[in-house]
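*Asks:* This is the structure I want to talk about, given as structure tokens.
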Amino acid sequence: ISKKYNLAEIKEVIIETQKEIINKIVLFDEYTGKNISADKRSLSFSLVFSSPTNTLTDEYINGIVSKIIKNLENKFDIKLR
């Protein structure tokens, strides 16, 4: 992702994808350097999902993660590594 985007903007797009069940977002790794353009960085997030009313299946969560990735691609032109 381009370095011009700040972490708050990125987290906002993630949360807005499914704010009812995303309880926590933690950036656990940020990489710049070899194999990454000088104007880009690689970010890794941990997400915590929960719902007081539904059982969250792998299939359901995988669909949400796919939507998050698509929203990030559309908004920030990310490339998934």
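*Asks:* Of everything in region 1-31, what is within 17 Å of Ile78 (Cα to Cα), free of Cβ contacts under 8 Å to residues at least 60 places away in the same chain and not in a helix (DSSP H, G or I)? Give them in sequence order.
*Replies:* Correct list: Lys3, Lys4, Asn6, Leu27, Asp29, Glu30, Tyr31.
*Asks:* Tell me, which residue of region 55-79 that is open to solvent by less than 100 Å² (accessible area, probe 1.4 Å) and polar (S, T, N, Q) is nearest to Ile14 (Cα to Cα)?
*Replies:* Among them, the one singled out is Asn71.
*Asks:* In region 32-50, what count of residues is obtained for those that are under 14 Å from Ile78 (Cβ atoms) and either part of a strand (DSSP E or B) or open to solvent by 60 Å² or more (accessible area, probe 1.4 Å) (or both)?
*Replies:* 7
The values are calculated or read from the model by the stated rules, or taken from the named source; none is laboratory data. The structure presented is a predicted model; accordingly, all values stated were derived computationally and were not measured. Because the Cβ atoms are built from the backbone with ideal geometry, glycine has one as well, and the counts that use them run over all protein chains shown. Surface accessibility is based on the protein's heavy atoms, side chains included, excluding ligands, DNA and RNA. Shrake-Rupley method; radii C 1.70, N 1.55, O 1.52, S 1.80 Å.
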